[in-house]
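Asks: Here it is, the structure in full.
Nothing in this text is a laboratory measurement; each read-out follows from the coordinates by a stated rule. Just so it is clear, the model here is predicted, and its values are computed rather than measured. Here Cβ is always computed from backbone atoms with ideal geometry, including for glycine, and neighbour counts include all displayed protein chains.
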């Protein structure tokens, strides 16, 4: 899930940035310090969106930099377990498919692609379902459920995804699930009508 979060921090502005407005200088430093970092608390920090306020600088003897209290907003992506996400297949390997979810990639293990028995076709670099004939390839748009989140510090994080539930997987698989649902509903309605007719005298 994407979120805007307001934070406060202390920023050290070096002399070569003194000619800039202090908001611009603070934003440059905050961008270097925060953007592209993964934290357990906030998830993946995509960007520093805005600098809301910068205090008057403090000078410390023996240091040429000025120190400022800064309030700013960041845009983050923090996936949660059971969240439904959409992305694109960017890589297929024998043990699963890597899905690009904006700022992060997730892995759908081969056992989580579909309920069908799946085989990896190295020549075509794709997965094929034995019973259903479902095919998963690089470039396919998919919908998946987050089943595991491991966000460490720095620039690394792992997401486990699943497409085994109904209405998940490739776009065409989802369309088929919807068609099957309505087809089943029509069949149930027809059966009920027949049963009601038989009951009436």
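Asks: Would you mind calculating the gained length between residue 135 and residue 180 on full extension (0.36 nm times residue separation, minus the Cα-Cα distance), in nm to one decimal?
Replies: Difference between extended and current length: 14.3 nm.
Asks: Just the Cα atoms of region 41-148: what Rg and Dmax do they give in Å?
Replies: 22.2, 75
Asks: On to the next question. Give me the one-decimal Kirkwood hydrodynamic radius in Å for region 1-54, with the sum taken over alpha-carbon pairs. Mind showing how you got there, number by number?
Replies: Values: mean 1/r = 0.0823 Å⁻¹.
Answer for region 1-54: a Kirkwood hydrodynamic radius of 12.2 Å.
Asks: Based on the Cβ-Cβ distance from residue 31 to residue 122, what FRET efficiency comes out when R0 is 45 Å, to the nearest 0.05?
Replies: 0.60
Asks: How far is helix 171-199 tilted, in degrees, relative to the longest principal axis of the Cα atoms in the chain, given as a value from 0 to 90 rounded to the nearest 10?
Replies: 40 degrees
Asks: What distance in nm separates the two pseudo spin-label positions at residue 52 and residue 171, each 7 Å out from Cα along the beta-carbon direction?
Replies: 3.9 nm
Asks: Each label point is 7 Å from the Cα along the Cα-to-Cβ direction; what then is the distance between the points at residue 10 and residue 105, in nm?
Replies: Label at residue 10, label at residue 105, 3.9 nm between them.
Asks: Right, something else. Relative to the longest principal axis of the chain, what angle (0 to 90°, nearest 10) does the C-alpha long axis of helix 22-34 take?
Replies: Rounded to the nearest ten degrees, it is 50.
Asks: May I ask for the equivalent-ellipsoid semi-axes of the chain, computed as the square root of five times each C-alpha gyration tensor eigenvalue and listed largest first in whole Å?
Replies: That gives 52, 22, 12 Å for the three semi-axes.
Asks: Sort 53-59, 66-72 for me by packing, meaning the mean count of neighbouring Cβ atoms within 10 Å per residue, highest on top.
Replies: Listed from highest to lowest mean packing, they are 66-72, 53-59.
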